[in-house]
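Heads up, the thing below is written out as structure tokens.
The values are calculated or read from the model by the stated rules, or taken from the named source; none is laboratory data. Predicted model only: the values in this text are computed from it and were never measured. A quick note on method: Cβ atoms are made from the backbone with ideal geometry, for glycine too, and the neighbour counts reach across all protein chains shown.
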Amino acid sequence: MSPIMASKNNRNKKNVRPDPKRIKRQKLHKAYYSAANVLWQLNEKSGSLNSLMNRFTGDKCIKMIYALAVKVLKNRDIIEQIKTKLPDFDTNTLNSYLIEILIAELLFGEKSFLKYRRKDEVQYVIENQQKITDHYANVKNSAKDNVSIDRKNPWIRYIRINYLKNSKSELMEKLKKLGFIHKAYNNNGEKISFDQFKALASSLNNDEFIFDYHFDDVFVFNDESTKKLIELYENGSIAMQDKSSLLAIEAMKLEVNMIIMDACAAPGMKTAAIASRLNNKCTIYANDKDKKRFNDMKILLSRNGVKFKSLTQEFTQIDPIKYPDLDILLLDPSCSGSGINRRLEYNNLSIDNQYHNDNVTKRCENLAKFQLAILQSALSFNAKRIVYCTCSKYQIENENVIHQLFELNPDINYEIIDPMPEWPYRGQGDYPFSSLCLRADYENTMTNGFFCCVLQRKHLESHDVDNDGKIESDNKNNNNDDETESKTPKKNKKSRKSSTAANFIITKYM
């Protein structure tokens, strides 16, 4: 069926949400339509909020777009309860994402949209204004269990310093000019506990920030502070990056002149963090097979001053012989994304109940097969260290995949190590290696859900690993120039030991 005929048929169907990009503007500010598009793409799982907002870099309305979208996400449960009390409407003519934004603005915003009465969605909200406000009053007075998780446990915002643009002291001066106050802890040399730190982070005011408990390049803010930080984000001074993803970076034990491949790099946040910590004094191959995601990543990395070498290939099709001296191979393959707190706010299924949904279970099983194939392929690169991570909470995508890898490869030339003994939250399951894996979630670490496992090559020479577990790179000279797609490094004349896993058959799972 042609797209035109399909479109005509869809108009006759009820409860089909239209593509927000097709909505005609009737004087209402364009930021409303852009925010509706962001919500639509979040619901379609087209990316995280941060990655979707990257597409508006340079747009004068980016602050307004972000604020409108976040207002809905942070009050999603309340808005859903209110919508059930309102008259039904034809989703072929009225856009439900836009209506959600207008309801959020009516209850929590400036209500400036009310003057644009010609817009059908505005008329609908105005006609039901009294019902909306009355139902909101009922929701506020209802039991706490009916209030969104955001109201019970306020989100905090992690900000990573981009050392390629400013030092820690320089960033603190910029924050001071924006009216922020640094709140110190560990006074008199007495270190507070992690539980005390979490309580402190939860109580931050909008104009306060603290240093992170574990990572020197991370600051912690009240989530409401985000709109004041947009300018620093846009000029690359900071990255809005959840602390959990930095577990993978910490696990690398980075050293200058390392050769690193980020096999599934888009949207580029981990690549940028590596470059920041090493001040671009390394060789990074950033690969992603999806051309659109790769192009979005290039915009982000360019804004952050990152030097990298470009690859746009299916990872299982990359020839390991062309990359003989990898110090680190980072694997962050596609996953269910079940650990991303903010993304799940738009999903009607709770985090605990999602896996029991048949469609989700089947998808996770397929993802686990794909993730295992990626790991199998990674073995043939013979990298000194493989860092495997996901933003999934499910054991089937994490510990189970690692277990299957070792079951299939009894003579594997890698062993699992603990990259961060001080980290408080560990792997799940009763596998012998579970305690060596790192996990994170909101309940235990006040972060997104995350999993990280480090495989270190056996029989490394003594000079390859120092007393802190850091890998000593053999590469003294380093070329950091950004290259065009699919360029490969010069072959090293030094012979390399062949991996026992080099000849394994790699199965592609679609």
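Pick from 373, 383, 378: which is modelled with pLDDT of 95 or more, part of a loop (DSSP other than H, G, I, E, B) and hydrophobic (A, V, I, L, M, F, W, C)? Let's see the steps before the verdict.
Working: 373 fails: part of a loop (DSSP other than H, G, I, E, B); 378 fails: part of a loop (DSSP other than H, G, I, E, B).
Just one listed residue meets the conditions, 383.
If we only count helices (runs of 4 or more DSSP H) wholly inside region 1-78, which ones have 2 or more residues that are modelled with pLDDT of 80 or more?
Passing ranges, in order: 30-43, 49-53, 62-74.
To keep it simple, each residue is scored yes or no on (1) within 19 Å of the chain's Cα centre (by Cα); (2) β-branched (Val, Ile, Thr); (3) crowded, with 20+ Cβ neighbours inside 10 Å.
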{"site": "393", "(1), (2), (3)": "yes, no, yes"}
{"site": "396", "(1), (2), (3)": "no, yes, no"}
{"site": "403", "(1), (2), (3)": "no, no, no"}
{"site": "406", "(1), (2), (3)": "no, no, no"}
{"site": "413", "(1), (2), (3)": "no, no, no"}
{"site": "418", "(1), (2), (3)": "no, no, no"}
{"site": "422", "(1), (2), (3)": "no, no, no"}
{"site": "425", "(1), (2), (3)": "no, no, no"}
{"site": "436", "(1), (2), (3)": "no, no, no"}
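Any residue at all in region 351-364 that is modelled with pLDDT of 75 or more, more than 30 Å from residue 155 (Cα to Cα) and either among the aliphatic types (A, V, I, L, M) or not in a helix (DSSP H, G or I) (or both)?
Of the residues in region 351-364, the ones modelled with pLDDT of 75 or more are 360-364.
If we keep only those that are more than 30 Å from residue 155 (Cα to Cα) as well, we get 362.
Remaining after also requiring either among the aliphatic types (A, V, I, L, M) or not in a helix (DSSP H, G or I) (or both): none.
Looking through region 351-364, none of the residues is modelled with pLDDT of 75 or more, more than 30 Å from residue 155 (Cα to Cα) and either among the aliphatic types (A, V, I, L, M) or not in a helix (DSSP H, G or I) (or both).
Is it the case that some residue within region 474-495 is acidic (Asp, Glu) and modelled with pLDDT of 90 or more? If you could, list the steps in order and put the result at the bottom.
The initial filter retains those residues of region 474-495 that are acidic (Asp, Glu), namely 474, 481-483, 485.
Okay, now just the ones that are also modelled with pLDDT of 90 or more, so none.
The answer is no; no qualifying residue exists.
Kindly establish whether residue 274 is under 14 Å from residue 236 (Cβ atoms) and part of a helix (DSSP H, G or I). Steps first, please.
Numbers: under 14 Å from residue 236 (Cβ atoms): no; part of a helix (DSSP H, G or I): yes.
So residue 274 does not fit the description; no.
Considering only region 304-320, state which residues are touching a residue at least 60 places away in the same chain (Cβ under 8 Å) and among the hydrophobic types (A, V, I, L, M, F, W, C).
306, 308, 311, 315
Residues in region 205-232 that are closer than 16 Å to residue 167 by Cα and buried (at least 22 other Cβ atoms within 10 Å of the Cβ): how many?
Total meeting the criteria: 1.
If residue 203 meets every condition in (1) in contact with an Asp or Glu (Cβ under 9 Å, 6 or more places away or on another chain); (2) more than 30 Å from residue 436 (Cβ to Cβ) apart from one, which number is that one?
Of (1) in contact with an Asp or Glu (Cβ under 9 Å, 6 or more places away or on another chain); (2) more than 30 Å from residue 436 (Cβ to Cβ), only one is false for residue 203: (1).
Taking the condition of being under 20 Å from the mean Cα position of the chain (by Cα) and buried (at least 20 other Cβ atoms within 10 Å of the Cβ), how many residues in region 276-295 meet it?
The number of residues fulfilling the criteria is 8.
Among the residues in region 114-129, are any over 17 Å from residue 36 (Cα atoms), modelled with pLDDT of 90 or more and either part of a loop (DSSP other than H, G, I, E, B) or not assigned by TED's automatic domain parsing to the domain that holds residue 42 (or both)?
yes
Would you pick out the residues in region 296-309 that are surrounded by fewer than 20 Cβ atoms within 10 Å (Cβ to Cβ) and either among the aliphatic types (A, V, I, L, M) or within 29 Å of residue 372 (Cβ to Cβ) (or both)?
If the condition is that a residue be surrounded by fewer than 20 Cβ atoms within 10 Å (Cβ to Cβ) and either among the aliphatic types (A, V, I, L, M) or within 29 Å of residue 372 (Cβ to Cβ) (or both), then 299 is the only one that fits.
Considering only residues that are within 21 Å of the chain's Cα centre (by Cα), in a strand (DSSP E or B) and more than 26 Å from residue 253 (Cα to Cα), which ones fall in region 200-234?
Within region 200-234, 221, 222 qualify.
I need a count of the residues in region 99-113 that are closer than 21 Å to residue 81 by Cβ and either outside any helix (DSSP H, G or I) or polar (S, T, N, Q) (or both).
Counting residues in region 99-113 that are closer than 21 Å to residue 81 by Cβ and either outside any helix (DSSP H, G or I) or polar (S, T, N, Q) (or both) gives 2.
Would you pick out the residues in region 279-329 that are more than 22 Å from residue 238 (Cα to Cα), polar (S, T, N, Q) and assigned to a loop (DSSP other than H, G, I, E, B)?
Across region 279-329, the qualifying residues are 312, 313.
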